[in-house]
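Heads up: the structure comes next, in structure tokens.
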Amino acid sequence: MIPGTLRIHIHDHTLTIEVTGGAVHTLPVGPLTLLEGPLHGSDPPPPASLTNAFGLVQDHLDDLLIEAPSIAATPGVVAAGPHAEALARVEIGADVIPAGYELLRADADEVFRTLAGETSTERRHNPGLPDGHAESIVATCCVILGIMRRLELRVVHIATAVPLPPEPQAAR
């Protein structure tokens, strides 16, 4: 990884943000946090709930940027974990993610617009989407797109087959 690159480990309830050669930060928000909060109760979620989910991710990121403003100037972002891999798989429509895969923001936006209007039953028919992520994939889109939008990123690299460190328990 390039020095200064952010590696974002997307856990169920937290994001662990690691700056290569620097600090590690934990944000108390992940895809399942969004499902239990702003995205709870509607399938598909209404636009206001989606806006609130994006807002929650960006609010936590804003708090981090106050504490560590240099994060906004990092040369690249790598997203890791099963949630990030699920988004990449549904974007390419395949079960295998090519090495060095880059998720473009325009593609992530397109996947989000498609999936956000589908029920979880309809989402299950999307090629590449792992069965266990049909419920959480819209929330995963909100996490990754929230980060991309707030940091004004054109692309996020998706790390594959990277073991996640344990999810911090105190954040739940």
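The values are calculated or read from the model by the stated rules, or taken from the named source; none is laboratory data. Nothing here was measured: the structure is a model prediction, and the numbers come from that model. Neighbour counts run over all protein chains shown; Cβ positions are idealised from the backbone, glycine included. Keep in mind that these areas ignore ligands, DNA and RNA; they rest on the heavy atoms of the full protein, side chains included. Shrake-Rupley method; radii C 1.70, N 1.55, O 1.52, S 1.80 Å.
Structure values in brief
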| read-out | value |
| --- | --- |
| Centroid-to-centroid separation of segment 83-111 and segment 1-77 [C-alpha atoms, Å] | 18 Å |
| Sequence ranges 50-62, 16-28, ranked by mean other-Cβ count within 10 angstrom, highest first | 50-62, 16-28 |
| Calculated diffusion of the chain, Stokes-Einstein form, Kirkwood radius summed over Cα pairs, 4 °C and 1.567 mPa s, µm²/s | 82 µm²/s |
| DSSP-defined beta bridges in the chain - what % are antiparallel, rounded to 5 | 65 percent |
| Net lengthening on full extension, Arg113/Asp59 (0.36 nm per residue, minus Cα-Cα) | 17.3 nm |
| D (Stokes-Einstein, µm²/s), Kirkwood Cα radius, segment 27-120, 0.692 mPa s at 37 °C | 219 µm²/s |
| On Cα atoms only, tilt of 47-67 relative to the major axis of the chain in degrees | 10 degrees |
| Separation of the Asp131 and Glu152 label points, Cα + 7 Å toward Cβ, nm | 4.5 nm |
| Degrees separating the helix 105-116 axis from the principal Cα axis of the chain, which is the longest one | 40 degrees |
| The chain, accessible surface, carbon-and-sulfur percent (1.4 angstrom probe) | 54 percent |
| Relative contact order computed over the chain (Cα-Cα under 8 Å; 6+ residues apart), in percent | 30 percent |
